Amino acid sequence: MNSSRARILRRLRLITAMLIGSAALAITQSAKAQDTPPFRIGSKKMTESIVLAEILKVRLDHADWPTEHKAELGGTRILWSALISGQLDAYPEYSGTIWTEILKRQGPVQLDQLRVALLEMGIHMSSPLGFNNTYALGVPEALAQKRSLSKISDLNAHRDLLLGFSNEFRRRQDGWLGLQSHYQLKGHKVRGLDHDIAYRALRTGELHVTDLYSTDAEIRAENLRVLVDDRDFFPRYDALWLVRKESLHPPVASALKELEGQISESRMVALNHQARIQHRKPSDVAKEFWGETIAATPDSNADRVARVAQRSFEHLRLVGFSLLAAILVGVPLGISAFESPRWGRVVLAFVSGVQTIPSLALLVILIEPLHRVGLSGIGDPPALVALFLYSLLPIVRNTHAGLKQIPQSYREVAQAFDISPTTRRWKLELPMALPSLLAGIKTAAVLNVGFATLGALVGAGGYGQPILAGIRLDHYGMILEGAIPSLIMALLLQQVFEFLELRLVSPGLRSRSA
Amino acid sequence: MKNSERTLLRLHGVRHAFTDATGQTRPVLENFSLQLQARERVALLGLSGSGKSTVLRIAMGLIQPTSGEVEVFGVRQSEIGNLSEPKFDRRRIGYVIQDGGLFPHLSARQNLTLIAQEDSWSLAETQSRIEELCQLTRLPLSLLDKYPRELSGGQRQRVGLMRALLRKPELLLLDEPMGALDPITRDDLQRELGEMFEKLAIALLLVTHDLREARRLTDRIVLLNEGRIEQEGQWSDLVDRPASEFVRRFVGAQREVHA
């Protein structure tokens with residue numbers, strides 16, 4: 001008799017301990033983050049941006065200036081809003097991108113006007129680094145010869161060609177939208193896809209034309225012909241640094257001065273080639289840029305194990321904390337939804353609605369509100385909030401369904417025996433709903449492991465990091481280094497929940513699941 | 001149980017109707033009246049859907065009748081009363097539904113201790129009462145730690161009965177307790193229950209469609225047809241002096257089986 005009460009107490013104690021432990025961890029984590037504010041550099045999800053960020057970081061490291069590189073954060077929008085809201089101090093950008101995308105200006109880039117406009121927003125713009133990484137259209141050399149394609153205007157005579165553009169390029173005024181009207185391009189089939197995947201599709205012939213950056217390492221590696229911009233559409237994309245005015249510390253200013261005009265187009269193509277085609281670490285490429293000699297260190301097994309362990313910790317932290325919060329919120333929400341059907345419809349519509357927001361969009365949407373409440377819009381917070389929101393649906397729905405499927409006759413019996421509402425809730429309804437409730441949590445946990453890989457888009461680390469880098473570098477081994485542990489974690493979590501089910505669900509209910 | 005003439009339950013002119021999915025009002029009980037004295041055993045007999053179970057649920061305060069008077073233990077239940085808190089102590093009534101109504105996630109013993117814990121019984125008190133009830137219902141002690149799904153239909157019904165008797169109620173409401181049992185188990189259980197009720201001297205309101213069961217376990221039969229009382233009286237009254245063609249057919253159909 002008392003054993004069941006003791007078991008509940010033991011369970012409560014375990015849950016309390018877990019809560020206190022996680023709260024303590026969260027506090028120490030945030031305390032650590034507030035020690036000394038380092039200079040935070042961001043980079044886009046592209047090799048060149050990462051290499052440029054590393055080059056500045058290495059220089060600041062040499063000057064003993066604490067620097068942090070939040071790598072591969074995403075596209076212009078994520079980085080710009082992070083810079084403007086003060087979550088980043090600097091990131092490398094291109095003049096044309098700011099001119100058209102952020103300032104919404106037309107015509108050729110006026111660097112002086114650009115500098116003034118940015119200063120008014122509190123952003124310092126460095127002098128150009130030296131190269132112009134403009135957009136270009138590339139065609140495999142063999143195809144270009146066969147169809148005699150050399151200029152962008154030639155495309156009009158070949159409407160059967162399949163065009164594949166990065167999603168960013170496709171929607172930009174200085175990208176496909178403007179290009180199309182400038183050259184009167186009509187009738188081509190256009191597909192939006194990841195820039196890195198486009199090269200693979202070009203190789204297999206599923207795609208004929210794609211957007212390129214003029215410093216892309218692939219132009220040589222993949223033997224592509226760059227179509228001449230014969231009607232001068234693409235604006236200049238001079239690489240330069242954007243730095244928050246108040247973060248322009250003397251060592252930063254002098255580093256930017258040293259970099260001014262130092263990287264020519266051919267030098268950048270070479271740097272990109274080392275990082276992207278030769279799979280060298282961007283930090284090593286950056287060190288060599290500053291004259292260090294790097295001994296070739298083969299990737300040892302110990303390194304790999306440490307790396308995977310670190311990412312597993314990051315990944316598990318994302319999954320664990322978001323799941324814990326979703327349980328603490330979702331279960332009471334599911335109960336309340338059951339108790340009041342009208343409120344329940346609102347709750348279920350809300351949590352289902354959240355599920356339909358594309359994950360990348362959700363991450364971007366979260367930057368601003370998180371910043372308002374004093375949290376970082378990049379790193380763990382947006383990833384945790386997004387995962388928490390996605391976990392709500394299965395947990396709320398299954399709690400609600402678990403309670404709803406309890407036959408009315410049991411409720412009447414409980415009523416007839418004058419059983420108190422508390423006992424009814426804790427000893428009758430919830431234990432009977434537990435199999436469904438646990439199944440909901442299990443679903444959320446397993447889905448979370450997959451969703452959490454997207455955390456890497458906002459710098460939250462985890463298994464998504466090698467997956468994103470692997471896609472970017474066209475490196476299967478690296479993709480697998482993230483994908484396989486992620487799969488294993490999902491399977492292990494599944495096992496954990498099956499074990500919990502065995503321990504927590506009454507044997508009297510088990511015949512159904514067995 | 002002090003006063004054998006005390007009225008435990010009185011329903012007068014009770015009507016109950018519900019609105020179905022198509023929005024139509026469907027009467028379940030019409031002008032239903034019934035009195036149950038202490039120690040009296042009455043069967044509510046009728047076909048399925050005749051409103052028998054509704055009477056029990058009204059008596060238990062689980063549903064509010066559309067109109068009519070309901071008195072439980074001499075207390076008039078208000079017509080617009082709060083259902084979750086009827087004006088009588090539900091602990092004085094034992095309730096058993098078809099297949100026992102045991103909570104599936106609790107063992108037989110836990111189904112019993114749950115009730116004892118609600119009333120803050122001591123461990124020893126609970127233990128001795130459970131042993132007593134096992135003897136009374138002839139349930140082997142070894143079955144107490146089994147879960148409902150591991151018990152046979154008859155065993156489940158015994159545990160359900162133990163649970164209903166745990167608080168020593170004055171009145172027992174049984175809703176087709178043997179509806180799901182095979183004929184042999186049913187026959188055994190009916191015989192045992194007859195002896196048990198005799199011993200306990202408890203008042204009983206039994207819902208059944210089985211004429212033989214009604215005859216074996218109760219003194220008086222109320223035969224319902226489509227929500228109305230068709231005939232009320234002893235078993236012999238129904239057999240010898242059927243009040244209507246329906247009674248004659250109802251009795252005849254069951255007698256052929258048992259002939």
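The values are calculated or read from the model by the stated rules, or taken from the named source; none is laboratory data. Predicted model only: the values in this text are computed from it and were never measured. Virtual Cβ from ideal backbone geometry, glycine too; neighbours counted across all protein chains shown. Quick note on the areas: whole protein, heavy atoms, side chains included, nothing else; ligands and nucleic acids left out. Shrake-Rupley method; radii C 1.70, N 1.55, O 1.52, S 1.80 Å.
For this structure, a couple of remarks:
- Residue within the range A:163-184 that is touching an Asp or Glu at 6+ places or on another chain (Cβ under 8 Å), within 25 Å of A:T76 (Cα to Cα), among the aromatic types (F, W, Y) and not in a helix (DSSP H, G or I) present: yes
- When B:R220 is tested against (1) of a type in the set (K, R); (2) free of Cβ contacts under 8 Å to residues at least 60 places away in the same chain; (3) surrounded by fewer than 21 Cβ atoms within 10 Å (Cβ to Cβ), only condition (2) is not met.
- Selection of the range A:330-346 for residues being within 20 Å of A:Y390 (Cβ to Cβ) and open to solvent by 60 Å² or more (accessible area, probe 1.4 Å) yields A:P332, A:V346.
- Condition met for A:H273 (assigned by TED's automatic domain parsing to the domain that holds A:A469 and either part of a helix (DSSP H, G or I) or open to solvent by less than 60 Å² (accessible area, probe 1.4 Å) (or both)): no
- Residue identified as open to solvent by 60 Å² or more (accessible area, probe 1.4 Å) and either closer than 15 Å to B:Q98 by Cβ or at pLDDT 90 or above (or both) among B:D182, B:D210, B:D175: B:D182
- Residue that is nearest to the other protein chains (Cβ to nearest Cβ), among those in the range B:100-112 that are in contact with a helix residue (DSSP H, G or I) (Cβ under 6 Å, 6 or more places away or on another chain) and part of a helix (DSSP H, G or I): B:G101
- Within the range A:458-514, considering residues that are assigned to a loop (DSSP other than H, G, I, E, B) and within 14 Å of chain B (Cβ to nearest Cβ), the one nearest to A:D380 (Cα to Cα): A:V505
- Number of residues in the range A:406-417 that are open to solvent by 20 Å² or more (accessible area, probe 1.4 Å) and within 9 Å of another protein chain (Cβ to nearest Cβ): the value is 4.
- Between A:W241, A:W176, the distinction of being under 24 Å from the mean Cα position of the chain (by Cα), surrounded by 15 or more Cβ atoms within 10 Å (Cβ to Cβ), within 30 Å of A:L118 (Cα to Cα) and of a type outside the set (G, A, S) belongs to A:W241 only.
- Of all residues in the range A:122-155, those being crowded, with 19+ Cβ neighbours inside 10 Å and basic (K, R) number 0.
- Note on the range B:39-59: among residues that are open to solvent by less than 30 Å² (accessible area, probe 1.4 Å) and at pLDDT below 90, the one that is nearest to B:I93 (Cα to Cα) is B:K52.
- Looking only at the range B:140-170, and only at residues there that are of a type in the set (K, R) and within 13 Å of another protein chain (Cβ to nearest Cβ), the one that is most open to solvent (accessible area, probe 1.4 Å): B:R149
- Matching entry among A:L119, A:L83 (being in a helix (DSSP H, G or I), farther than 30 Å from A:R220 by Cβ, in contact (Cβ under 8 Å) with a residue 40 or more places away in the chain and open to solvent by 40 Å² or more (accessible area, probe 1.4 Å)): A:L119
- Going through (1) open to solvent by 50 Å² or more (accessible area, probe 1.4 Å); (2) of a type outside the set (A, V, I, L, M); (3) over 26 Å from A:L118 (Cβ atoms) one by one, A:S312 falls short only on (1).
- Among all residues of the range B:124-139, there is none that is open to solvent by 10 Å² or more (accessible area, probe 1.4 Å), within 24 Å of A:L430 (Cβ to Cβ) and of a type in the set (S, T, N, Q).
- Evaluated against (1) assigned to a helix (DSSP H, G or I); (2) within 18 Å of A:I41 (Cβ to Cβ); (3) open to solvent by less than 60 Å² (accessible area, probe 1.4 Å); (4) not aliphatic (A, V, I, L, M), A:K257 falls short on exactly one condition, (3).
- Members of the range B:113-132 that are facing another protein chain (nearest Cβ under 7 Å) and acidic (D, E): B:E118
- Exclusive hit being touching a residue at least 12 places away in the same chain (Cβ under 8 Å) and assigned to a strand (DSSP E or B), set A:L129, A:L137: A:L137
- Residue in the range A:362-369 that is over 17 Å from A:G461 (Cα atoms), of a type outside the set (D, E, K, R) and not in a helix (DSSP H, G or I) present: no
- In this structure, A:I78 does satisfy being in a helix (DSSP H, G or I), farther than 30 Å from B:W121 by Cβ, modelled with pLDDT of 65 or more and open to solvent by less than 70 Å² (accessible area, probe 1.4 Å).
- Identity of the residue in the range A:372-405, β-branched (V, I, T) and open to solvent by 10 Å² or more (accessible area, probe 1.4 Å), that ends up farthest from the other protein chains (Cβ to nearest Cβ): A:V373
- Figure legend. Inter-residue proximity from the range A:481-501: first residues within 17 Å of A:F313 (Cβ to Cβ), second residues of a type in the set (D, E, K, R), beta-carbon distance below 8 Å, spacing 6+ or different chains. Indicated pairs: A:E481/A:R304; A:E481/A:R307; A:G482/A:R311; A:P485/A:R311; A:L493/A:K442.
- When A:S436, A:S420 are checked against the criterion of being within 14 Å of chain B (Cβ to nearest Cβ), open to solvent by 20 Å² or more (accessible area, probe 1.4 Å) and within 37 Å of the chain's Cα centre (by Cα), a single residue qualifies: A:S436.
- Test result for A:I152, outside the structural domain of A:G464 (by TED's automatic domain parsing) and more than 21 Å from the chain's Cα centre (by Cα): yes
- Members of the range B:119-152 that are of a type in the set (D, E, K, R) and touching a residue at least 12 places away in the same chain (Cβ under 8 Å): B:D119, B:R129, B:R138, B:D145, B:K146, B:R149
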